[in-house]
1. Quick one: in the stretch 65-92, of everything that is part of a helix (DSSP H, G or I) and among the hydroxyl-bearing types (Ser, Thr, Tyr), which residue is farthest from residue 103 (Cα to Cα)?
2. For residue 21, work out the one condition from (1) surrounded by 10 or more Cβ atoms within 10 Å (Cβ to Cβ); (2) over 30 Å from residue 102 (Cβ atoms); (3) among the basic types (Lys, Arg) it doesn't fulfil.
Amino acid sequence: MSSLNEDLELEKNLELRVHPRESETVSIQIPKDTLDSLKKVAAQRDMPLEALLKFYIGKSLRQDISQLFANQVLDSTAKVLARYHHSEDEVAKILQEIRLESK
């Protein structure tokens, strides 16, 4: 086990590196009741409203990009299968099985 002094020394050597990305200001209309709810959640999480909005956008964006990639893989799989299987029903069944397995 490490001692307290070793743990403190390790913490001193840790450095957070943030790589700022170019950004652009965007103005959006948000219903007041939704904005009030967002402010409450931000306060509960002890974070600024802007950070919470960025968090929500980033999380949803990653999910959508992941789904787009999965759809591209399935489309490519369908094209390859169609070259080797002449039955559209058989290809559809294989793709359906892949979709079920990946959930």
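We did not get these values from a lab; they are worked out from the coordinates using the rules stated. Please read these numbers as outputs of a predicted model, since none were measured by experiment. Here the Cβ positions follow ideal geometry from the backbone for every residue, glycine too, while neighbour counts run over all protein chains shown.
1. 84
2. Of (1) surrounded by 10 or more Cβ atoms within 10 Å (Cβ to Cβ); (2) over 30 Å from residue 102 (Cβ atoms); (3) among the basic types (Lys, Arg), only one is false for residue 21: (1).
Yes or no, residue by residue, for (1) outside any helix (DSSP H, G or I); (2) over 19 Å from the mean Cα position of the chain (by Cα); (3) surrounded by 11 or more Cβ atoms within 10 Å (Cβ to Cβ); (4) touching a residue at least 60 places away in the same chain (Cβ under 8 Å):
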site	(1), (2), (3), (4)
11	no, yes, no, no
38	no, yes, yes, no
52	no, no, yes, no
103	yes, no, no, no
